[in-house]
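Q: Just dropping this structure here.
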Amino acid sequence: MPRHRSFDTADVDALLARQDSIATHRELQAVGLRKGTISRWIAHGPWQRVVPGVIAGHRGRLSVDQRRRAALAYCGPHAVLSGVHALDLHGLTQNRIPVPDEVLVLIPWSQKRLSSGFVVVERTQRRPDTTVVNGCRVASPSRAAADASRHGADVASVREIFGQVLQQRRCTVGQLRDEVFRGPRQRSAPARLVVGEVADGTRSAAEGEVRAIIAGTALPQPLWNEAVVVDGVFLGLGDAYWPELGVVLEVDGFQWHSSPSAVRRTQAKQRRYAEAGLLVMTTAPHDVRADPQGFLRQLTRILETARRRR
């Protein structure tokens, strides 16, 4: 006797279409598939096993979105994406922070689930604030940045990550500091260093690098992200400011000045500095990274010029 199907292929197709070709065994069984059928379609059919209990309805390479959906499906209904993948969904990577293959997922402390394949599972007693982006539950920018800083990120990468969330005003310095210091201490040394820089006034990865370079010299140390005030008039917020010498350093990255209005604001601020008799040095992050000694030589000459003039 021929074996009759206990499911409708249209129901299976509709399920996979709704979920970007990602489904759990439980969801497939709910539309009528038996365990044996699922196993056979993985072994000899059109599907592939992604992580335990989760399939993709094709045998090709998974897209980034499919990896995220599969990670959440594997970890259950209370799972939340965090780290770089959450930052990417928030629009905070800006093609400057590489999105890794590994997907970090937070689950409640009471839940037990091991990391598997590309899914990195972290149990937490502090459930993050969440939102849904592109169908995925994601942690807040401050929590995602703090978690990203503990997973394979060096100091330069952490500066880039923290700089993005702060410069785009997606969280406050206080929120970021709380997430870093309330989180696990393991692998948190780069984040604790950088959040200390941020608390002192550094607002971007490039500014953090410049600060470290200047701190290692005998040059007079500037005020960071300080209001530039001359004769009681506020002229702007300088990245680095030597008030006793009348020198302002601006670290201008293209990603922060890519709109015409932003360029006009920057130019207007520099004109105000010049009209007040200040010496202004403008440098790009790429130039500092490519030739830090050349940057220091130029800055030294400007400070010497200002000292002689004063």
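The values are calculated or read from the model by the stated rules, or taken from the named source; none is laboratory data. Quantities reported herein were computed from a predicted structural model and do not represent experimental measurements. When we count neighbours, we look across all protein chains shown, and the Cβ atoms used for this are built from the backbone with ideal geometry, even at glycine.
Q: Determine whether Ser115 is over 30 Å from Lys35 (Cα atoms), among the hydroxyl-bearing types (Ser, Thr, Tyr) and modelled with pLDDT of 95 or more. Even if it seems obvious, please write down each step before you answer.
A: Values: over 30 Å from Lys35 (Cα atoms): no; among the hydroxyl-bearing types (Ser, Thr, Tyr): yes; modelled with pLDDT of 95 or more: yes.
Taking the combined requirement at face value, the residue does not satisfy it.
Q: Then there is this: In this structure, is Ala23 surrounded by 18 or more Cβ atoms within 10 Å (Cβ to Cβ), of a type in the set (Gly, Ala, Ser) and in the same structural domain as Val180 (by TED's automatic domain parsing)? Walk me through it before giving the result.
A: Working: surrounded by 18 or more Cβ atoms within 10 Å (Cβ to Cβ): yes; of a type in the set (Gly, Ala, Ser): yes; in the same structural domain as Val180 (by TED's automatic domain parsing): no.
No; evaluated as a whole, the condition is false for this residue.
Q: Continuing with this model, one more query. Which of the residues spanning segment 217-229 are modelled with pLDDT of 90 or more and surrounded by fewer than 17 Cβ atoms within 10 Å (Cβ to Cβ)?
A: Those that are modelled with pLDDT of 90 or more and surrounded by fewer than 17 Cβ atoms within 10 Å (Cβ to Cβ): Thr217, Ala218, Leu219, Pro220, Gln221, Leu223, Val229.
Q: Hey, does segment 117-128 have a residue that's surrounded by fewer than 14 Cβ atoms within 10 Å (Cβ to Cβ), outside the structural domain of Glu179 (by TED's automatic domain parsing) and in contact (Cβ under 8 Å) with a residue 12 or more places away in the chain?
A: Of all residues in segment 117-128, those surrounded by fewer than 14 Cβ atoms within 10 Å (Cβ to Cβ) come to 123, 125-126.
Checking which are outside the structural domain of Glu179 (by TED's automatic domain parsing) leaves us with none.
No: zero hits.
Q: Would segment 106-114 turn up any residue that is in a loop (DSSP other than H, G, I, E, B), among the basic types (Lys, Arg), more than 24 Å from Gly196 (Cβ to Cβ) and in contact (Cβ under 8 Å) with a residue 12 or more places away in the chain?
A: Taking segment 106-114 and keeping what is in a loop (DSSP other than H, G, I, E, B), we get 109-114.
Okay, now just the ones that are also among the basic types (Lys, Arg), so 112-113.
Filter once more, keeping what is more than 24 Å from Gly196 (Cβ to Cβ): 112-113.
So of that shortlist, the ones also in contact (Cβ under 8 Å) with a residue 12 or more places away in the chain come out as 113.
Yes; the residues of segment 106-114 include at least one that is in a loop (DSSP other than H, G, I, E, B), among the basic types (Lys, Arg), more than 24 Å from Gly196 (Cβ to Cβ) and in contact (Cβ under 8 Å) with a residue 12 or more places away in the chain.
Q: Can Ser6 be described as surrounded by fewer than 17 Cβ atoms within 10 Å (Cβ to Cβ), farther than 15 Å from Val119 by Cβ and modelled with pLDDT of 95 or more?
A: On the way: surrounded by fewer than 17 Cβ atoms within 10 Å (Cβ to Cβ): yes; farther than 15 Å from Val119 by Cβ: yes; modelled with pLDDT of 95 or more: no.
No, not satisfied.
Q: List the pairs whose first member sits in segment 25-49 and is at positive phi, whose second member is in a helix (DSSP H, G or I) and not hydroxyl-bearing (Ser, Thr, Tyr), and whose Cβ atoms are under 7 Å apart, counting only residues at least 6 apart or on separate chains?
A: Gly32/Asp11
Q: Please list, ordered by first then second residue, the pairs with beta carbon atoms under 8 Å, 6 or more apart or interchain, first in segment 178-200 and more than 27 Å from Leu223 (Cα to Cα) and modelled with pLDDT of 90 or more, second part of a helix (DSSP H, G or I) and of a type in the set (Asp, Glu).
A: Gly183/Asp147
Q: Return only the number of the condition from (1) under 19 Å from Gly163 (Cα atoms); (2) modelled with pLDDT of 90 or more; (3) touching a Lys or Arg at 6+ places or on another chain (Cβ under 7 Å) that Leu245 does not satisfy.
A: Among (1) under 19 Å from Gly163 (Cα atoms); (2) modelled with pLDDT of 90 or more; (3) touching a Lys or Arg at 6+ places or on another chain (Cβ under 7 Å), the lone unmet condition for Leu245 is (1).
Q: Now, a different point. Kindly indicate whether any position in segment 11-19 is surrounded by fewer than 14 Cβ atoms within 10 Å (Cβ to Cβ) and under 26 Å from Asp101 (Cα atoms).
A: yes
Q: Tell me the residue from Val165, Val138 that is buried (at least 16 other Cβ atoms within 10 Å of the Cβ) and touching a Cys at 6+ places or on another chain (Cβ under 6 Å), please. Spell out the reasoning first.
A: Working: Val138 fails: touching a Cys at 6+ places or on another chain (Cβ under 6 Å).
Being buried (at least 16 other Cβ atoms within 10 Å of the Cβ) and touching a Cys at 6+ places or on another chain (Cβ under 6 Å) holds for just one of Val165, Val138, which is Val165.
Q: When you go through Val132, Val158 one by one, which is the residue that is surrounded by 15 or more Cβ atoms within 10 Å (Cβ to Cβ) and among the hydrophobic types (A, V, I, L, M, F, W, C)? Write out each step before concluding.
A: Values: Val132 fails: surrounded by 15 or more Cβ atoms within 10 Å (Cβ to Cβ).
Matching residue, one of Val132, Val158: Val158.
Q: Quick one: Ala206 ticks every box in (1) at pLDDT 90 or above; (2) of a type outside the set (D, E, K, R); (3) not assigned by TED's automatic domain parsing to the domain that holds Pro77 except a single one, so which number is it?
A: So the condition that Ala206 fails would be (1).
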